[in-house]
1. Using the count of nearby Cβ atoms within 10 Å as a rough guide to exposure, how do MET140, MET165 rank from fewest to most?
2. Relative contact order of the chain, please, whole-number percent, based on alpha carbon pairs below 8 angstrom and at least 6 residues apart.
3. Rounded to the nearest 20 Debye, what is the dipole magnitude of the chain about its Cα centre when Lys and Arg each give +1 and Asp and Glu each give -1 at the C-beta?
4. Karplus couplings for region 81-90 from phi (6.51 cos²θ - 1.76 cosθ + 1.60, θ = phi - 60°), rounded to Hz, Gly and Pro as x?
5. Calculate how steeply helix 9-22 sits against the longest principal axis of the alpha-carbon atoms of the chain, using the helix alpha-carbon long axis, and give the answer as 0 to 90 degrees to the nearest 10.
6. Using just the alpha carbons, could you tell me how many Å³ per residue the convex hull of region 36-175 encloses?
7. Return the FRET efficiency for the residue pair ASN114, ARG146: r is the Cβ-Cβ distance, R0 is 30 Å, and the value is rounded to the nearest 0.05.
8. Arrange PHE150, PHE96, PHE10 by Cβ neighbour counts within 10 Å, fewest through most, would you?
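Computed from the coordinates by the stated procedures, all read-outs in this text should not be read as laboratory data. It should be emphasised that the depicted structure is a prediction, and the values quoted were computed from it without experimental measurement. Using ideal geometry, Cβ is built from the backbone for each residue, glycine included, and neighbour counts are taken over all protein chains shown.
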Amino acid sequence: MNQAVNLTPFEILAHFERKSLAHASASPDTLEAPGLWRGIGFRVGSRRLVSGIDEISELLAVPLLTPVPGTQPWLLGVANVRGNLVPVIDFARFLFGERTLHTDRTRLLIVRQNGGNVALLVDEVFGQRTVDQEQRTQAMNEDDPRLVRFVDGRVGEQQLAVFSMNRLVRAPDFRQAAA
């Protein structure tokens with residue numbers, strides 16, 4: 001920078017920007033590695049599940065719910081999420097017939113479906129999980145008959161069930177919330 005005496009302030013800033021960009025960490029686009037699948041890990045009852053990161057649009061703390069009469073017991077009500085009414089499903093009750101206990105770890109997974117979003121109440125969210133192609137090919141089959149139609153297998157050391165939200169929102173019994 002001995003030449004800095006002859007540079008304008010703008011040229012000095014541009015020089016620092018070039019040096020900074022030369023040492024910048026990789027952007028998320030360049031971090032994508034072929035053969036890796038990313039998902040969001042969560043717990044429903046005692047089961048650990050993971051769904052594709054592209055299938056879950058948002059994670060939320062549980063807001064106030066307004067009950068809806070004449071619906072299945074697993075439909076807890078509707079919540080106002082940024083001005084949109086979103087049905088809230090007790091995911092454990094839908095899958096296993098067991099109610100989810102509300103704790104400070106309880107969260108809503110917002111999932112897109114035809115006609116809007118739906119919120120799934122889960123016990124806990126673990127965050128992002130990455131599964132490589134080898135783990136996917138070595139996935140163990142799901143042995144719980146209540147999950148078989150939604151799960152593509154269990155992967156990783158924690159045996160996370162790879163849960164398809166797309167299959168869930170198309171399931172006839174899920175779409176029929178009226179009692």
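1. Values: MET140 10, MET165 21.
Going from least to most buried by this count: MET140, MET165.
2. Numbers: 300 pairs, mean separation 41.1, N = 179.
For the chain, the relative contact order is 23 percent.
3. Details: 20 positive and 20 negative charges, 85 e Å.
In debye, rounded to 20, the chain gives about 400.
4. 10, 6, x, 10, 7, 10, x, 10, 9, 6
5. 50 degrees
6. Values: hull volume 15.5 nm³, N = 140.
Each residue corresponds to 111 Å³ of Cα convex hull volume.
7. Details: r = 24 Å, r/R0 = 0.79.
The formula returns an efficiency of 0.80 here.
8. On the way: PHE150 20, PHE96 16, PHE10 8.
Lowest count first: PHE10, PHE96, PHE150.
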